[in-house]
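Quick notes on the structure that follows.
The values are calculated or read from the model by the stated rules, or taken from the named source; none is laboratory data. The structure presented is a predicted model; accordingly, all values stated were derived computationally and were not measured. Note that we place each Cβ from the backbone using ideal geometry, even for glycine, and neighbour counts take in every protein chain shown. Side chains included, ligands, DNA and RNA excluded: accessible areas come from the protein's heavy atoms. Shrake-Rupley method; radii C 1.70, N 1.55, O 1.52, S 1.80 Å.
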Amino acid sequence: MTPTKSTKDTDAVAEIDSPTDIDNPTETTTPTSKPRRGGMGWLVAVLVLAAAGAALWYGYQVVVLKQAQQLHELTRQYSTLEQQFSQLQQDLKSQNDTFKATVDEQIQQSNRGLQRVLNEQADLLESNQMAVRSVQAELAQLDITQQSSWRIFEARALAERAASKLWIEQDIAAAVELLKLADSHLRALSNPAHQAVRQALADDILRLSSLPAQQSESITLTLGSLRNQLQHSHWYQQPTPGVSNSVNEASASGWQRFKQSFTALMDKLIRVQRRDTPVQPLIADTYFTASKERVLLQLQLAQQAALSGSQQVFEQALATAIEQLTTITEISDNADIEPILEQLMTLQEAKLQPELPAQLPAVALLSRLAEQYAVGQTAEEDL
């Protein structure tokens, strides 16, 4: 135990006797401070490594796992979309098959309907062809005599129809066309024996074609315009002439004396009416109003007669209207009456219907020719 103690003492003496430690006391702490700095570095390194590990672990947990989840979700969505796509492909295929079957069925129905129509048309065409062949065979069996008789009888029927159109229906244009058609039948026969009948047809056609057109419609419109003008015109009495302008009773005729007396009477009535009862309508105005109504009534009768084609009633109505307007112009100052009166006098000379011929010679000649052919056919049948 003693050597141990001496060793410790020697070491303590050596530590005290060292000049370096005595002269520089700060360096005595240096050996103890270096180990402490190394521990702090390792601690910082450990902390940095721990933080990096924690960051890596957090990154792995947050980023990698989240990406893994997203990848899993995308995989699942892709599987779902793939299933939906497969389902859509199946539906589309089913719809395509159904549509194709429907279209094929409709095409078949259309083809059947078209084929049925074609068959019907073919049957109709065949029946028409058979009818045409039958008619052609019958025409082939007809001789020239039968054809001539048929055309003669047809021409006579057309001429009689033209006469009915002319005298019953007053249709000149239709009568001309019917006569032309009758002449076409005779022209088709090319028989010189029919020349007289054809000449009579040509004369009748020329005579009817040269007739003037009907004026009933234009006359009716003109009378309507004149009635409207008279309806809106205002009539008033002409001032009574003085004594110096009066007609000499010795040299005046009965009609002039009557007009003079009538004018004087109207003048007295007007003066009495205006002096006594000025509120009531004047007697002269009432007279003119009644005269206007009578003229309008006569024009309306003439207009109706023009529509119906009654020439006699038309002329009588116009004559009465002209006579009344002439009387009014002698005692009235209205200048609108004179032109209307002149137009009525012009219309009085018009003819509602053209003067039709009393007879058509071609009708009688065709009737005689048809009777000759009928007699000839009867004689041949008797033989």
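For this structure, a couple of remarks:
- Helices (runs of 4 or more DSSP H) enclosed by segment 1-95 - at least 2 residues per element that are surrounded by 10 or more Cβ atoms within 10 Å (Cβ to Cβ), modelled with pLDDT of 80 or more and out of contact with any Lys or Arg (no Cβ under 6 Å at 6 or more places or on another chain): 30-59
- For beta carbons closer than 7 Å, sequence separation of 6+ or different chains, a first residue in segment 158-175 that is free of Cβ contacts under 8 Å to residues at least 60 places away in the same chain and open to solvent by 30 Å² or more (accessible area, probe 1.4 Å) and a second that is among the charged types (D, E, K, R) and assigned to a helix (DSSP H, G or I), the qualifying pairs are Asp171/Lys165.
- Lone qualifier among Glu154, Glu160, Glu169 - being under 21 Å from Ala358 (Cα atoms) and assigned to a helix (DSSP H, G or I): Glu160
- Subset of segment 190-225 that is outside any helix (DSSP H, G or I) and under 30 Å from Ala319 (Cα atoms) - its residue that is least open to solvent (accessible area, probe 1.4 Å): Leu211
- Taking the listed residues Gln343, Gln353, the one that is open to solvent by 50 Å² or more (accessible area, probe 1.4 Å) and outside any helix (DSSP H, G or I) is Gln353, with no other qualifying.
- Long-range neighbours under 6 Å by Cβ, at least six apart or interchain, first residue within 12 Å of Thr222 (Cα to Cα) and in a helix (DSSP H, G or I) within segment 298-320, second open to solvent by 40 Å² or more (accessible area, probe 1.4 Å) and of a type in the set (Lys, Arg): Leu299/Arg227
- Here Ala250 meets the list (1) over 53 Å from the mean Cα position of the chain (by Cα); (2) at pLDDT 65 or above; (3) hydrophobic (A, V, I, L, M, F, W, C) almost entirely, failing just condition (2).
Residue-by-condition table, conditions (1) over 24 Å from Ala175 (Cβ atoms); (2) touching a helix residue (DSSP H, G or I) at 6+ places or on another chain (Cβ under 8 Å); (3) aromatic (Phe, Trp, Tyr); (4) at pLDDT below 85:
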| site | (1), (2), (3), (4) |
| --- | --- |
| Leu299 | yes, yes, no, no |
| Ala319 | yes, yes, no, no |
| Glu330 | yes, yes, no, yes |
| Leu344 | yes, yes, no, no |
| Leu352 | no, yes, no, yes |
| Val363 | no, yes, no, no |
| Glu371 | no, no, no, no |
| Val375 | yes, no, no, yes |
